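Step one of this worksheet: look at the structure below.
Laboratory data are not the source of any read-out in this text; all were calculated from the coordinates shown. Quantities reported herein were computed from a predicted structural model and do not represent experimental measurements. Cβ coordinates were reconstructed from backbone atoms using ideal geometry, including for glycine residues, and neighbour counts include every protein chain displayed.
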Amino acid sequence: MAHRNTAFLTLIFVLALTLVVGSFSLFAQDKMGMDEYRAQLQDWQAKEAAARQAAEECAQAVEGLKGEIQAADAETEKVWSEILAAIGTDQAGYEAYKANLKALEAEVDGLLALSPEELFKRREDIKAAKEKLAGLKMDKLSVLTEMQNLIATIEGKLTQVKNKMPKAIYDEYAVMVGDYLWKISGKADIYKDPTHWMRIYSYNKDQIKDPDLIYPQQVFKIQREVGPEEYLVAKGDYLAKIAEKPDVFGDAASWTKIYEKNKDIIGEDANTIYPYTVLVIPKD
C-alpha cells in the first residue's frame, strides 16, 4: 500500500511540475507579469497541497479498511472454528474429509472413462466406490454445504457409470441349417465344449421353447460374462447351496426365491438343476 501511495504522490508532483513548467512557458511567451505569475504559482501550490492531503486521507481510509477486513476475517475464522468444533472436528479434519471426497471423485472419473465392457468387469470396484461414498456420508462433515455439493457431484457421476455399464456381455450367433445346441456349444468360437449347451438354452429361453427345436436364422446370445443378477450353475450345485453363497443371498432357506424365478427352466423338480444353466438371481 505504501508503494501505491508513493506512486500516487509522484503522479501529483509530475502533474504539478508540468503545469508549473507550462506556466513558465506561457509567461515567457506572453510576457506574463510577475504578480500574475505569483498568483498562478500560489494557486498551483494550493492545489498541490490539497492533492497531498487527499492522498493522505485516501491512505488513512485504506488502512482503516484493511483493519476492518482483518477483523472480519478473524471473526469468520472464529465462527468457522466454532462450527467445526460443534460437529466434533477441526480444520485438519475438514481438509482430510474434503481430500477423501476429492480422491473418491477422481476414482469415479476413472471408472467413467472406461468402456462399457471394461466397466462390466470392474463391477466390484463400482460397488466399493458406492460403499465408500455411503461411509463418507455418515460423517457429520457431510452436512456442510460444500461437502453436500461434492457428494451430489459424485452421486451424479456414479449414476452415469451405472447407466453406462451393460447388464451383461454376450456375443451373437446366427443359427445355420443343421445346427443344434450341442453342436453350437462345441464350436471353437462358442464354448469349445458341447456339454455347455444348457448355457445357450437357458440364456435364450425367450426364443427357445424346446431345446430340441431351433431354427435357421434365429440369433442367440452367447453369454461371455456372468452379470450381477445371474448365476452360472457349476457341477455339484443345488439351489440351497447356491442360495447360501454370500454373493447370492447368504441364506440357504432362500432357495425358493431362485426356484420361483427360474421355474420355467428348472421344471417341476426343484432338486434337479443342470450344470451350466444360467439362473436369474432376484435381488428385490
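Ranked for footprinting exposure by Cβ neighbours inside 10 Å, fewest first, M165, M176 give M176, M165. Gain on full extension, evaluated as 0.36 nm per residue between A234 and A92 minus their Cα-Cα distance, stands at 46.0 nm.
Where in region 189-284 are there trypsin sites (Lys or Arg not before Pro) that are in a DSSP coil and have at most 12 other Cβ atoms within 10 angstrom of their Cβ?
Answer by residue number: K192, K209, K235, K283.
Straight distance only, please: which lysines reach the Cα of K261 with their own Cα at less than 23 Å, same-chain residues fewer than 8 apart left out? Counting by Cα, and skipping residues close in sequence, K261 has these lysines nearby: K167, K205, K209, K221, K235, K241, K245, K283. The trypsin sites (Lys or Arg not before Pro) of region 111-177 that DSSP puts in a loop, and whose beta carbon has at most 12 other beta carbons within 10 Å, are K167.
Note on the chain: with charges restricted to the Cβ of Lys and Arg (+1) and Asp and Glu (-1), its dipole about the Cα centre is near 880 debye.
Only one residue of G186, I208, A51 has its Cα farthest out toward the positive end of the dipole of the chain, where Lys and Arg carry +1 and Asp and Glu -1 on Cβ, and that residue is G186.
Here's the picture: charge each Lys and Arg Cβ at +1 and each Asp and Glu Cβ at -1 in the chain, and of Q217, P116, Y170 the one pushed furthest to the positive end of that dipole is Q217.
Taking K and R as +1 and D and E as -1, what net charge do the other residues with C-beta under 11 Å from the C-beta of D193 add up to? In short, +3. In a reduced charge model with +1 at each Lys and Arg Cβ and -1 at each Asp and Glu Cβ, region 93-209 shows a dipole moment near 360 debye about its Cα centre. Among the helices of the chain (complete DSSP H runs), which have Cα atoms covering no less than 30 Å along the helix axis and a Kyte-Doolittle mean of at least 0.0? Those that pass (Cα extent of 30 Å or more, hydropathy at least 0.0) are 2-30. Simple point charges give the picture: +1 on the Cβ of Lys and Arg, -1 on the Cβ of Asp and Glu, and for region 170-280 a dipole about the Cα centre of about 180 debye. Remark on the chain: hydrodynamic radius 27.3 angstrom, per the Kirkwood mean of 1/r across alpha carbon pairs. How much of the pair distance distribution for region 23-179 lies past 18 Å, counting alpha-carbon pairs only, in percent? Every Cα pair in region 23-179 considered, those over 18 Å come to 76 percent. For a test of the definition: using alpha carbon positions, the gyration tensor, and the 1.5 limit on a/c, classify region 170-280 as rounded, prolate or oblate. The shape class here is prolate.
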